[in-house]
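The values are calculated or read from the model by the stated rules, or taken from the named source; none is laboratory data. What you are looking at is a predicted structure, and each value in this text was computed from that prediction instead of being measured. Don't worry about glycine lacking a Cβ; one is built from the backbone with ideal geometry, like all the others, and counts go over all protein chains shown. Areas reflect the complete protein model, heavy atoms only, side chains present, ligands, DNA and RNA absent. Shrake-Rupley method; radii C 1.70, N 1.55, O 1.52, S 1.80 Å.
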Amino acid sequence: MKQICSRKVKVTAKYTVNKAIEIMQSAKKINSQLFLSKDGITVHASGLSQLVSFFLTLKEGDSFLYIVEGADAESAMSIISPQETVSQSL
């Protein structure tokens with residue numbers, strides 16, 4: 001059965017290209033689709049250029065959502081940077 005999970009993340013420091021690569025690699029390890037979303041802008045985490053462009057819109061103190069969609073969405077969410085998570089909504 002398909003699931004959708006999301007977690008809100010607060011930006012505490014500027015995101016770098018290395019962080020974008022880390023997120024993209026994490027997205028490739030799961031069997032679900034990973035998206036990042038803020039203010040109506042949603043990007044798929046499989047494209048480095050999309051992630052970097054998305055991160056350029058973020059400022060310290062902003063929040064965005066990790067959204068995971070797929071059969072293993074709940075377990076996949078725990079792989080995606082759990083230390084950054086500030087809250088969870090299912």
Region 4-20 - residue that is within 12 Å of the chain's Cα centre (by Cα) and among the basic types (Lys, Arg) and, of those, surrounded by the most Cβ atoms within 10 Å (Cβ to Cβ): ARG7
Under the condition of being surrounded by 14 or more Cβ atoms within 10 Å (Cβ to Cβ) and small (Gly, Ala, Ser), which residue from region 60-82 is modelled with the highest pLDDT? GLY70
Residues of region 21-38 being open to solvent by 80 Å² or more (accessible area, probe 1.4 Å) and touching a strand residue (DSSP E or B) at 6+ places or on another chain (Cβ under 7 Å), in sequence order, are ASN31, GLN33
Count - residues of region 42-59 that are loosely packed, with under 15 Cβ neighbours inside 10 Å and out of contact with any strand residue (DSSP E or B) (no Cβ under 9 Å at 6 or more places or on another chain): 5
